[in-house]
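*Asks:* Below is the structure I would like to discuss, written out as structure tokens.
The values are calculated or read from the model by the stated rules, or taken from the named source; none is laboratory data. All values reported here derive from a predicted model rather than from experimental measurement. Heads up, the Cβs are rebuilt from the backbone with ideal geometry, glycines too, and the neighbour counts pull from every protein chain shown. Remember, those area values only see protein heavy atoms, side chains included, never the ligands or the DNA or RNA. Shrake-Rupley method; radii C 1.70, N 1.55, O 1.52, S 1.80 Å.
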Amino acid sequence: MTHIVTEHPYFGAFVLFALTAIAFPATLVLQRFISRKLARLDTEKLKLAIYECGPEPNKQANSISVQFYLFALLFILFDVEIVFMFPWAIDFKPLGVFGFVEMILFIVLLAIGFIYAWVKGALEWHSIK
Amino acid sequence: MDGYIIGTIIKAVLILLILSALAGFGTYLERKVLAFMQRRLGPYHVGPYGLLQILADGIKLFTKEDFIPAGANRIIFMIAPAITAATAFIALAAVPLLPEFTIFGIKVRPIVSDLNIGLLFVIAMMGVGLYGPLLAGMAQENKWGLLGSARTAVQFLSYEVVTGLSILAPIMMVGSLSLIDFNNYQAGGISHWIIWKQPLAFILFLISGYAETNRTPFDLLEHEAEIISGYATEYSGLRWGMFFIGEYTNMITIGFLASLIFLGGFNPLGFIPGGIAIILKVSFFFFLMLWIRAAWPHIRPDQLMWLCWKVLMPLAVLNILITGIVMMV
């Protein structure tokens, strides 16, 4: 298969986006309509409560471990690295040895940060009680 | 130009219809294959060999009670499944599904939009798919849902890094991000496949692909034994089913990506024509996912993070450096 240069290469992606953005919510609306007609709508209080243990749950603060945020922070660091490496990888052959050495320096700089995070224990899953 | 517009719209509609049907068929296939691996029969009541089970499931999903728990953020709760399904299909826009063929005298190129950054587009769209489970879990005011969405965020983000790093080495060899160029690079038989030069990248890509499609060894977002059903705890009916359509479409996309990047894409394979070859490859990857689900237990969240950050990521960086050195020498 060969490439065909068109004026608007993203037109197809947009069409698919528009189609899915209409079709899937429309299906959900249709399902809502059908189930309203066929299924009994039970509005008992305990049944509408969130799924937990049986009795009606009392309101508690929902919170998640700070560990999750730590990994999200690490992701930002390394994903920026990858975004920087994509253009370099495409032009790997034209850039030659110079580009490769530059990238090794960049990776070494990142590896220092990575080893620091490793030694500090940021990559372990601590059980915080 | 008119032909281009109409053709693109027809292709998009066909992809939407065929792949939603395939995703539904995937659920049947998964149940059947898992059943045979566990010496059961699987679904066999509805239709011949249980083939109409999908239809029965669809009718059931459509007629279920439309349930939204009290205290949920209703709008986000309702649109979150649509985000998962929609992003899974948009990702397929840049994937060349079959080789060029002629039908009724019209030359058809089975790719919806021929982007020069196709691979990046697919990876990015599958990354956006993270918002489906994330918003679903946060909208329902449920502790299990919140835990599930936190795990979603951590797992998808971490393995996004490994996916990106593992495909960098093939990109260095090919020098392009277009999946069509990947396919053309491997023209000329099995010996030209990239997998022989990049076996490590292939394994890394497959592992992170499983993690990103939420398949069983990394099935922590909806781990029944730990967090009920994770982000899908409060979901029922077609909203719940839409998460599955998204998941199965993502599985098919990962199969296409793996066979296009590493296994020669849709080049003819000996006497097998290209179109059939790629379908066989994607079916093999789909079957591999089911096989691994039957063979492997879940892993723990801390093991997941350990595997990603301490094993796979250093290996991927090492693979890039070795590839660079080999290509320089």
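*Asks:* Quick one: angle between helix B:274-295 and the longest Cα principal axis of chain B, in degrees between 0 and 90, rounded to 10, please.
*Replies:* Compared with the principal axis, the helix lies near 40 degrees.
*Asks:* Now for a different question. When the gyration tensor of the protein assembly as shown is built from Cα positions, what are the square roots of 5 times its three eigenvalues, in whole Å, from largest to smallest? Please report the intermediate quantities before stating the final value.
*Replies:* Numbers: eigenvalues 261, 180, 81 Å².
Ellipsoid half-lengths, sorted descending, are 36, 30, 20 Å.
*Asks:* Select from B:Ile76, B:Ile194, B:Ile18 the residue whose mean-square fluctuation is largest in a Gaussian network model of chain B (Cα-Cα springs shorter than 10 Å).
*Replies:* B:Ile18
*Asks:* Could you please state, rounded to a whole Å, how far the C-alpha centre of the stretch B:219-272 is from the C-alpha centre of the stretch B:68-82?
*Replies:* 23 Å
*Asks:* Same structure again: When ligands, DNA and RNA are left out and all protein chains stay put, how many square angstrom of accessible area per residue does chain B have with a 1.4 Å probe?
*Replies:* Per-residue accessible area for chain B comes out at 39 Å².
*Asks:* Return the single residue from B:Leu147, B:Leu120, B:Leu17 with maximal mean-square fluctuation; model: Gaussian network over chain B, springs between Cα atoms under 10 Å.
*Replies:* B:Leu17
*Asks:* Give me the distance between the Cα centres of the stretch A:51-115 and the stretch B:135-149, rounded to whole Å.
*Replies:* 23 Å
*Asks:* Only counting protein heavy atoms at a 1.4 Å probe, give the residues of the stretch B:80-99, ordered by number, whose accessible area falls by 40 Å² or more when the other protein chains are present relative to the chain alone.
*Replies:* B:Ile90
*Asks:* OK, next. List the residues whose amide H sits under 5 Å from the amide H of B:Phe101, counting only those 5 or more places along or on another chain, with H placed 1.01 Å from N in the peptide plane.
*Replies:* Counting only residues 5 or more places away or on other chains, the set is B:Val108.
*Asks:* Using Cα pairs under 8 angstrom and six or more residues apart, how large is the relative contact order of the stretch B:1-111, in percent? Could the numbers behind the result be given before it?
*Replies:* Working: 53 pairs, mean separation 17.5, N = 111.
About 16 percent, as a whole number.
*Asks:* Same structure, new question: Which of the chymotrypsin sites (Phe, Trp or Tyr not before Pro) found in the stretch B:200-302 are in a DSSP loop and have at most 14 neighbouring Cβ atoms, other than their own, within 10 Å? Present the calculation step by step, with values, prior to reporting the outcome.
*Replies:* On the way: sites: B:Phe202, B:Phe205, B:Tyr210, B:Phe218, B:Tyr231, B:Tyr235, B:Trp240, B:Phe243, B:Phe244, B:Tyr248, B:Phe256, B:Phe262, B:Phe266, B:Phe271, B:Phe284, B:Phe285, B:Phe286, B:Phe287, B:Trp291; in loops: B:Tyr235, B:Phe262, B:Phe266, B:Phe271.
Here the chymotrypsin sites (Phe, Trp or Tyr not before Pro) that fit, given the DSSP loop and packing criteria, are B:Phe271.
*Asks:* Once phi is turned into ³J(HN,Hα) by the Karplus curve 6.51 cos²θ - 1.76 cosθ + 1.60 with θ = phi - 60°, what whole-Hz value does each residue of the stretch B:57-66 show in order, with x for glycine and proline?
*Replies:* 4, x, 4, 4, 5, 6, 9, 5, 5, 7
*Asks:* Moving to a separate point now. Cα convex hull of chain B: how many Å³ per residue?
*Replies:* Numbers: hull volume 51.6 nm³, N = 329.
Taking only Cα atoms, chain B has a hull volume of 157 Å³ per residue.
*Asks:* Here's another thing I want to ask about it. For the stretch B:48-126, run through the chymotrypsin sites (Phe, Trp or Tyr not before Pro) and keep only the ones in DSSP coil with at most 13 other Cβ atoms within 10 Å of their Cβ.
*Replies:* Answer in residue order: B:Phe104.
*Asks:* Return the calculated 222 nm mean residue ellipticity for the protein assembly as shown, to the nearest 500 deg cm²/dmol, obtained by summing -39500 (n - 2.57) across DSSP H runs with n ≥ 4 and dividing by the residue count. Each step should come with its number before you reach the end.
*Replies:* Numbers: 17 runs with 295 residues, N = 458.
It lands at -21500 deg cm²/dmol.
*Asks:* Normalise the Cα radius of gyration of the stretch B:1-83 by 2.2 N^0.38 Å (N = residues in it) and let me know the number.
*Replies:* Values: Rg = 18.3 Å, N = 83, 2.2 N^0.38 = 11.8 Å.
Normalised by 2.2 N^0.38 Å, the Cα Rg of the stretch B:1-83 equals 1.55.
*Asks:* Quick one: helix B:2-37 against the long Cα principal axis of chain B, what's the angle to the nearest 10°, folded into 0 to 90?
*Replies:* 60 degrees
*Asks:* Using 1/(1 + (r/R0)^6) with R0 = 30 angstrom and r between the beta carbons of A:Leu30 and B:Phe25, what's the FRET efficiency to the nearest 0.05? Don't jump to the answer; show the numbers that get you there.
*Replies:* Working: r = 21 Å, r/R0 = 0.71.
Once rounded, the FRET efficiency stands at 0.90.
*Asks:* Report the residue, chosen from B:Ser259, B:Ser229, B:Ser208, that carries the largest GNM mean-square fluctuation when chain B is represented by alpha-carbon nodes joined by springs under 10 Å.
*Replies:* B:Ser229
*Asks:* Could you give the length gained on full extension between A:Asp91 and A:Leu109, defined as 0.36 nm per residue of separation minus the Cα-Cα distance, in nm?
*Replies:* Details: separation 18, 0.36 × 18 = 6.48 nm, distance 2.13 nm.
The span from A:Asp91 to A:Leu109 would gain 4.3 nm if fully extended.
*Asks:* With bins 10 Å wide starting at 0, give me the P(r) of the stretch A:4-129 over every alpha carbon pair, in whole percents.
*Replies:* Values per bin, smallest distances first: 9, 16, 17, 22, 21, 11, 4, 0.
*Asks:* Using the heavy atoms of the protein chains alone and a 1.4 angstrom probe, what is the accessible area of the stretch A:29-113 per residue in square angstrom?
*Replies:* Values: 5710 Å² over 85 residues.
Ligands and nucleic acids excluded, the figure is 67 Å² per residue.
*Asks:* Moving on. Can you list the trypsin sites (Lys or Arg not before Pro) in the stretch A:1-81 that are in a DSSP coil and have 12 or fewer other beta carbons within 10 angstrom?
*Replies:* Working: sites: A:Arg32, A:Arg36, A:Lys37, A:Arg40, A:Lys45, A:Lys47, A:Lys59; in loops: A:Arg40, A:Lys59.
For trypsin sites (Lys or Arg not before Pro) across the stretch A:1-81 that sit outside H, G, I, E and B with at most 12 neighbouring Cβ atoms in 10 Å, the list reads A:Arg40, A:Lys59.
*Asks:* Measure off, as a whole percent, the carbon and sulfur share of the 1.4 Å-probe accessible area of the stretch B:69-328, all protein chains present.
*Replies:* Values: 6330 of 8660 Å².
So the carbon and sulfur contribution to the accessible surface is 73 percent.
*Asks:* Shifting gears a bit: Assuming R0 = 51 Å, what is the FRET efficiency of B:Val108 and A:Ala122, from their Cβ-Cβ distance, to the nearest 0.05?
*Replies:* Working: r = 51 Å, r/R0 = 1.00.
With a Förster radius of 51 Å, E is 0.50.
*Asks:* So how long is each side of the stretch B:86-245 along the principal axes, counting just the alpha-carbon atoms, biggest first, in Å?
*Replies:* 53, 41, 22
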